[in-house]
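Since the structure comes first, as structure tokens, the remarks are kept for the end.
The values are calculated or read from the model by the stated rules, or taken from the named source; none is laboratory data. Every value quoted in this text rests on a predicted model; they were computed, and no experiment measured them. Backbone-built Cβ (ideal geometry, glycine too); neighbour counts: all protein chains shown.
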Amino acid sequence: MTLDAAGAVELVAPSSFAADDQAATYSVDGEQLRIAAFVSGVCAGRPFGVYRWTISGSTLRLESLSDSCAERTDVFDGAWSSAGDDGG
């Protein structure tokens with residue numbers, strides 16, 4: 001997953017998701033990250049999820065606060081390490 005400064009999310013979705021599900025956007029408000037991902041497929045009708053974000057070292061942790069799409073929560077909720085981090 002890559003979050004760019006313009007609010008776009010670049011990610012590789014699980015193979016069970018439709019190819020058009022890979023377009024996503026995000027916005028940040030304080031410690032909350034609002035993610036609109038998989039909205040044209042598995043999360044249709046559920047436009048975004050809200051997650052609390054924290055950073056420790058090179059690890060980004062996302063905690064679901066409000067997301068009615070279980071598939072999106074399965075993908076985003078948890079720890080994310082930077083691509084250069086061998087820690088997993």
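Structural remarks
- So Thr73, is it part of a strand (DSSP E or B) and either out of contact with any Phe, Trp or Tyr (no Cβ under 8 Å at 6 or more places or on another chain) or modelled with pLDDT under 90 (or both): no
- Enumeration of residues in the range 12-54 that are within 14 Å of Ser66 (Cα to Cα), at pLDDT below 95 and surrounded by fewer than 20 Cβ atoms within 10 Å (Cβ to Cβ): Ala36, Arg46, Pro47
- Among the residues listed as Ser64, Ser68, the single one being in contact with a Gly (Cβ under 7 Å, 6 or more places away or on another chain), at pLDDT 90 or above, surrounded by 11 or more Cβ atoms within 10 Å (Cβ to Cβ) and over 16 Å from Gly7 (Cβ atoms): Ser64
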